[in-house]
Every structure is written in C-alpha cells, then in structure tokens.
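Remarks on the structure that follows.
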Amino acid sequence: MGLQQSKEELLYQQVNYGNVDGIRTLRGQGAGLEWIDKEGKTPLMLACMRPDLFDVAKVLIELGANVNAYRPGSHCGTALHHAAKKGLQQTVHLLLSHGANPFIPNDDCNTALELAREKGHVNVVRAIEGRLCLFCGWMRENYAPAFLDAIAPQFMTRKIWAVVLPREVRTPTRPLKLEIAIYPELQVLIGT
C-alpha cells in the first residue's frame, strides 16, 4: 500500500494547483499552513514565487499563514524574499501590508529590497522603499568639475531622486542606522 499523504501535504499540492476552494476545505478540516517541502518551502512561499498564485497567497494569509516564515539556505529567505526576487510587485504589497518584515536578511545576508535591486525589479524596489522610507524626493546634485563650479555653480546641477531608509528596526537603545539611495531619475514602470 502507498503512503497516506498528510492534510498539510495535500494543502501544499492544492496551492501548487491554485485551488483556493481545496485549500479552504483542507484548512477547515484542520490542515496546518506551515508544512515544509523537501526544499524548505511553505505553501505561502510557493504561492509567492508565481504570479498566477496571487489569489492563493491572499487566501493563505487570510487563513493565518506566517508571512515571516524563514527558509534557510543559499538564495532562500522569507516569502517576501521570493516575491521580490521574482519581481511580483502585487505580492510584495500584499506581504508588506500583512506584516512581512523587510529587514530580515536571508542566508546570503540580503534583504528583499537588496534582491529586488540586484534583479532590476524597479517597481518592487519602489514598493519596498515606499513602505520603509523616512524621506523621498527630488534633490539637486552638483556635478561640474571644480573650476567650472567656481564660475557658474547654478548651471552645473541636475535633479536626482533620493530615498532615505532605515537599515534595521528602530530600537531605543541604539542610534538608527540609515541608508540613502540616490537614483539619476525617478524610475516608474507600469506593469510587473
């Protein structure tokens, strides 16, 4: 006889199939949401790796899935890491609005924001920065050589987009560490 699958494993399979009704039914029968596959992924992590499973991710969060569950190993992390790496802006917004911690580093010491920057997912970068930033806006940057700067400094500036971000969760016992990200332009893409 074959091995009987647990309800949790069946729920994970329903996530893979995108079967929201099956997920709700299994959860109603007591299936847990934190089952881990052989690669260390939870059902929510799986849903956050695929754009076609956004509604599944939403349902899993509604049912109580842990948005900060951690998958150890190289190129892993939380569901937020996976969504950011794949460029899934809508999923990133969903996770952040339900308490996903953007400061958690993965085993490679990268946050979800750093992964999104590395992969060039501009909209995901803006989504995370928009959630965290203490300041964002246009600034002026001097860029002329020193001898021209002395003659006509007002003509040797350009607009840059600056974002000031905390590097960690604020604690009253330590000074806040900040990062300033400077971009040559405000890059906003439609889609992704």
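The values are calculated or read from the model by the stated rules, or taken from the named source; none is laboratory data. Computed from a prediction, not measured in an experiment: that's the story for all the values here. Heads up, the Cβs are rebuilt from the backbone with ideal geometry, glycines too, and the neighbour counts pull from every protein chain shown.
Step by step: first the residues of segment 113-153, then only those that are among the acidic types (Asp, Glu) and farther than 17 Å from residue 164 by Cα, then the one that is modelled with the highest pLDDT. Which residue is that? Per the stated criteria, the residue is 118. The listed residues are 95, 88, 60, and the only one of them that is in contact (Cβ under 8 Å) with a residue 40 or more places away in the chain, out of contact with any Ser or Thr (no Cβ under 6 Å at 6 or more places or on another chain) and over 20 Å from residue 115 (Cα atoms) turns out to be 60.
Of the residues 91, 157, the single one that is at pLDDT below 95 and either of a type outside the set (A, V, I, L, M, F, W, C) or surrounded by 15 or more Cβ atoms within 10 Å (Cβ to Cβ) (or both) is 157. Of the residues 126, 71, the single one that is over 23 Å from residue 178 (Cβ atoms) and either without any contact (Cβ under 8 Å) to a residue 40 or more places away in the chain or crowded, with 20+ Cβ neighbours inside 10 Å (or both) is 71.
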